[in-house]
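The values are calculated or read from the model by the stated rules, or taken from the named source; none is laboratory data. This is a predicted model, so every value here is computed, not measured. Note: ideal-geometry Cβ built from the backbone for every residue, glycine included; neighbour counts use all protein chains shown.
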Amino acid sequence: MPKGHHYGRSRNRNYTTEYHRIHANLFKLLLTKPVGKYSLTAKLFTEEHQNFQLTELENGTRYLTFSINDKAHHIGLKLDNRSASNKLYITCPYCQKQRQHLYAIKYAYACRQCLDLQYASQSERPQDRLMRRIRKLRKELWGYDWPDVNNMFSQVAYWPKPKWIRWETFEQKRDKITELENKYWPTAIAQMKTPLGDNYMTDYKN
Ligand SMILES: [Zn+2]
């Protein structure tokens, strides 16, 4: 996929309230029920998001299997025996981490972290902040109307020295921006690589 596509997506803000979620507590009863086929009663969910198979491993661990878009999604039930309340967690099919909620998206169930969702109250992500800072410093040197001033794919290392500034000062300022650019890319790329691949549908709401 071309980089530009990812880049565009990373600027979209997706809030968790736009998705339907399932809560771990919903499955507490299944810890003692017989294994077999079950169905969630959630009328806004597709049938594939509702129907699942409850299975138990030899060691007693139980998990649910949803077949969504011809792909098996395994969700483990993990009881936390350390806490007095015996809190139940469900595991995310993508990262296997224990979660209290999983979100229903078009072709999958996944946790908030895997979906890169943001709570409405959550502040700007660190690499967004870094990007703003890089752009600001670039504008101070090359001005607002420099063609690539906002283009994160262009690197200032190749940009010419403005006439008004002394070489020494220019190099100092430019190297500072380059340093920030080098910091920016690894985090930005990490975020673009969603483990969900095609399951991620930005247009899916409700
Ligand atoms: Zn996950």
Residue within the stretch 28-37 that is modelled with pLDDT of 50 or more, closer than 15 Å to K106 by Cα and in a loop (DSSP other than H, G, I, E, B) present: no
Those residues of the stretch 77-99 which are away from the ligand (no atom under 12 Å from the Cβ) and either more than 15 Å from L64 (Cβ to Cβ) or part of a loop (DSSP other than H, G, I, E, B) (or both), in sequence order: D80, N81, R82, S83, A84, S85, N86, K87
Which numbered condition T194 misses (of (1) at pLDDT 70 or above; (2) in a loop (DSSP other than H, G, I, E, B); (3) within 30 Å of L79 (Cβ to Cβ)): (1)
Long-range neighbours under 7 Å by Cβ, at least six apart or interchain, first residue closer than 15 Å to L26 by Cα within the stretch 57-85, second basic (K, R) and modelled with pLDDT of 90 or more: L77/R62
Count of the stretch 95-116 residues which are among the small types (G, A, S) and within 12 Å of the chain's Cα centre (by Cα): 1
Failed item, numbered, when C92 is tested on (1) surrounded by 16 or more Cβ atoms within 10 Å (Cβ to Cβ); (2) under 22 Å from H20 (Cβ atoms); (3) out of contact with any Lys or Arg (no Cβ under 8 Å at 6 or more places or on another chain): (3)
The listed residue being modelled with pLDDT of 90 or more and over 30 Å from R129 (Cβ atoms), out of A72, A104: A72
Unique residue being at positive phi and at pLDDT 80 or above when the list is Q96, Q113: Q96
Any hit, the stretch 46-65, residues being part of a strand (DSSP E or B) and within 16 Å of the ligand (Cβ to nearest atom): yes
Those residues of the stretch 141-178 which are at pLDDT below 95, among the charged types (D, E, K, R) and exposed (fewer than 12 other Cβ atoms within 10 Å of the Cβ), in sequence order: D145, K163
Y119 vs. criteria at pLDDT below 85 and surrounded by 12 or more Cβ atoms within 10 Å (Cβ to Cβ): no
